[in-house]
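In what follows, a single structure is set out as structure tokens and then discussed.
The values are calculated or read from the model by the stated rules, or taken from the named source; none is laboratory data. From a predicted model like this one, the values you see are computed outputs, not experimental measurements. Don't worry about glycine lacking a Cβ; one is built from the backbone with ideal geometry, like all the others, and counts go over all protein chains shown.
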Amino acid sequence: MIPQIEQARRHSRIQLFVLLVLVAFIATLWGVLQVSEAGYSAFCGGFVVIMAQQAFSRSAFAHGGASKLSQVQGGFKRGMVLKWCTVLILSTVLLSAGTLPALPYLTTFCITVVLNSVAPLWFSKN
């Protein structure tokens, strides 16, 4: 296995773990400050982002030792499509049920998306 790919996989796992801890913390805050339903809604909002990131990571790093650039590029493209489809489908299913409060869901979703976008900067050496 190529060391850079293995390092990227390790960083991805660390990133997902940090996001999961953050989502659990935010959900607990919502649950304590509001009602338990708000905490559950907040957890679902962050969990959607975590599941989408996991889908992307698995697809993007599937061809880690690939000798052809097209396989690696295809993995990243499929990963992005899979990530957005996961977000759309899970959000639609969870919010269409009508039982989750939207504010905790969207707040945690947005915080998790922002931190997920900034997380690669934490791991960069520059």
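Restricting the range 65-77 to residues that are closer than 27 Å to Gly46 by Cβ and surrounded by fewer than 17 Cβ atoms within 10 Å (Cβ to Cβ), which is modelled with the highest pLDDT? Show your work before the answer.
As a first pass, look at the range 65-77 and keep what is closer than 27 Å to Gly46 by Cβ: 75-77.
Subset that is surrounded by fewer than 17 Cβ atoms within 10 Å (Cβ to Cβ): 76-77.
Values: Phe76: 83, Lys77: 87.
In this case the residue turns out to be Lys77.
Go through the range 25-39 and give me each residue that's in a helix (DSSP H, G or I) and either surrounded by fewer than 15 Cβ atoms within 10 Å (Cβ to Cβ) or more than 17 Å from the chain's Cα centre (by Cα) (or both).
Phe25, Thr28, Leu29, Trp30, Gly31, Val32, Leu33, Ser36, Glu37, Ala38, Gly39 - these are the residues of the range 25-39 that are in a helix (DSSP H, G or I) and either surrounded by fewer than 15 Cβ atoms within 10 Å (Cβ to Cβ) or more than 17 Å from the chain's Cα centre (by Cα) (or both).
Would you mind telling me which numbered condition in (1) in contact with a Lys or Arg (Cβ under 9 Å, 6 or more places away or on another chain); (2) part of a helix (DSSP H, G or I) Ala62 fails?
So the condition that Ala62 fails would be (2).
Please find, among Leu106, Leu100, the residue that is surrounded by 13 or more Cβ atoms within 10 Å (Cβ to Cβ) and outside any helix (DSSP H, G or I).
After applying the criteria, what remains is Leu100.
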